2 protein chains.
Amino acid sequence: MTDGNTTPADLSLNQKTLNNSSLPEVVDECLTAGVPAVGLWREPVHEVGVREAARLVKSAGLRVSSLCRGGFLTADTPERRREAIAENRRALEEAAELEAPCLVLVVGGLPEGSKDLAAARRGVAEALAELAPLAEHYGVRLALEPLHPMYCADRAVLSTLDQALELAEPFPVEQVGVVVDTFHVWWDPRLFEQIERAGSRIASYQVCDWLTPLPADVLLGRGMMGDGHIDFAPIDTAVRRTGYSGDVEVEIFNEDVWSRPAREVVETTVDRYRRLVHPR
Amino acid sequence: MTDGNTTPADLSLNQKTLNNSSLPEVVDECLTAGVPAVGLWREPVHEVGVREAARLVKSAGLRVSSLCRGGFLTADTPERRREAIAENRRALEEAAELEAPCLVLVVGGLPEGSKDLAAARRGVAEALAELAPLAEHYGVRLALEPLHPMYCADRAVLSTLDQALELAEPFPVEQVGVVVDTFHVWWDPRLFEQIERAGSRIASYQVCDWLTPLPADVLLGRGMMGDGHIDFAPIDTAVRRTGYSGDVEVEIFNEDVWSRPAREVVETTVDRYRRLVHPR
């Protein structure tokens, strides 16, 4: 708690925000601060084991807001595609065991040596057709995450909310949704109309700030809200106007944040969330 | 000349590609290689003087494909806006003296301390209304350049071709056009439909490649065609299909390229252009 107010009831702390903490430590910090939900990543979950992670989170009374991540669906050989589908099936199974409502999909960049962006994008659509029934089976929604266009070559050929919605719309809304992550979409001149279009397709909503200058490792430019250039409140209002009632996940990748004590980071997160993301 | 073939008749060497060469040296390299056009920047032009630069280029028989750059139109005080308009008027005057068909506009990022992206974008539209009659007066077209979304905060709130066309379309086509720069737009899922929509609005067409990993200074990620991830030929075909008949400017910002001998860089440029950008 901060300023004597209660911690927001829809705030979720993505465990990557406390990158140097184990899952039990992250759970403890959530309990201490009154944060009611947590976003999980597969690798640190595997470190404690999926069953133990599920038990830990559940016994602490925390919700799991999402599991990161599936995806990497742009492989250009049949064998690698089969491997990717199998890996995503395992991720869905883990998400189900963790009672995560969605599995975040980072779709993958251009295959090694390929410059065929259109083909890579078609590959994602084809893989999605295989994954959607699995999502139904496991009761976990696939959450297509548009990544910032600067990651198009090497991480995600899915670059805008518009494009994510085109991919999602052929499937039932409970099988395939999209992620609105402020870092990735804040620049988009059509952001607000695409959020409105997304409506009930928003499966996950993540916040963090855009810092300048970008750090040398551009994966680590995800800053604490208020430290960068994003005006959060209008985006937050637009997302809620769609009827979104899930958690708001704070996911920060940033060496400065990671070097600070976990307690301080969580307190700052709660404070910034309340002042900048969803002020009342 | 390379491989015994003539140098392409529509190739333009942007002088920034030879960043360590003076304008007279750039002109010499163009003559040696048979490159018929050159893209100029205001700062190195000022070093030799605008009149002398115009004389140099003209007496060498080179076309000027564009002048970089005007813009920086997002200032949020009346005084700074007036200064920006005055600066752009000077740039248009220089472009006219250099017989450049267009002045490339990098519109500017968020004003210092501001997070109001929508207001900054409105400011660009308002400034454009003041600049368009000046463009008419000087007989130089304003070329709105969408920059890659990773520059949205600090360099250009104009992020897509779609957005550039919305800004340009209220004005006569000879006053306001757009730039298609492969580095900035290659990732756009709507690229090909927007190029088609652009039609005669394409005032400048620039090529260079997208490298990964991005260098620590993200301004220097503009690589030699073929060294990165962009598939140029389909973009080139789409641009020409609009009827574009201007020059194709190669503009590379890259420490590796800049450290090589100018002659070698120009030869590589001609070779890569012929093999990758506009193969016949």
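The values are calculated or read from the model by the stated rules, or taken from the named source; none is laboratory data. Small disclaimer: the values here were computed from a predicted structure and weren't measured. We place every Cβ from the backbone using ideal geometry, glycine too, and count neighbours over all the protein chains shown.
Miscellaneous remarks
Residues checked against (1) among the hydroxyl-bearing types (Ser, Thr, Tyr); (2) more than 19 Å from A:LEU211 (Cα to Cα); (3) in contact with a strand residue (DSSP E or B) (Cβ under 6 Å, 6 or more places away or on another chain); (4) at pLDDT 95 or above:
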| site | (1), (2), (3), (4) |
| --- | --- |
| A:GLY228 | no, no, yes, yes |
| A:ARG263 | no, yes, no, yes |
| A:THR268 | yes, no, no, yes |
| A:VAL277 | no, no, yes, yes |
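- Answer from B:GLU97, B:GLU136, B:GLU130, B:GLU112 - the residue that is away from chain A (no Cβ under 14 Å), surrounded by fewer than 24 Cβ atoms within 10 Å (Cβ to Cβ) and free of Cβ contacts under 8 Å to residues at least 40 places away in the same chain: B:GLU136
- Of all the residues in region A:28-61, those that are assigned to a helix (DSSP H, G or I) and more than 23 Å from A:ARG90 (Cβ to Cβ) number 7.
- Condition check for A:LEU211: out of contact with any His (no Cβ under 6 Å at 6 or more places or on another chain) and modelled with pLDDT under 95: no
- Any chance A:ALA233 is among the aliphatic types (A, V, I, L, M), surrounded by fewer than 20 Cβ atoms within 10 Å (Cβ to Cβ), part of a helix (DSSP H, G or I) and modelled with pLDDT of 95 or more: yes
- Residue match in region A:99-119 (condition: within 23 Å of A:ALA203 (Cβ to Cβ), part of a helix (DSSP H, G or I) and touching a helix residue (DSSP H, G or I) at 6+ places or on another chain (Cβ under 6 Å)): no
- Selection of region A:139-154 for residues being within 18 Å of A:GLY177 (Cα to Cα) and either of a type in the set (Phe, Trp, Tyr) or away from chain B (no Cβ under 12 Å) (or both) yields A:GLY139, A:VAL140, A:ARG141, A:LEU142, A:ALA143, A:LEU144, A:GLU145.
- Failed criterion for B:ALA164 (all others in (1) closer than 29 Å to A:LEU211 by Cβ; (2) not in a helix (DSSP H, G or I) hold): (2)
- Residue satisfying all of: in region B:134-154; of a type in the set (A, V, I, L, M, F, W, C) and in a helix (DSSP H, G or I); nearest to B:VAL173 (Cα to Cα) among these: B:ALA135
- Filtered residues of region B:170-190 (kept if under 19 Å from B:LEU103 (Cβ atoms), within 14 Å of chain A (Cβ to nearest Cβ) and in a loop (DSSP other than H, G, I, E, B)): none
- The single condition from (1) of a type in the set (Gly, Ala, Ser); (2) at negative phi; (3) in contact with a helix residue (DSSP H, G or I) (Cβ under 9 Å, 6 or more places away or on another chain); (4) away from every other protein chain (no Cβ under 13 Å) that B:SER200 fails is (3).
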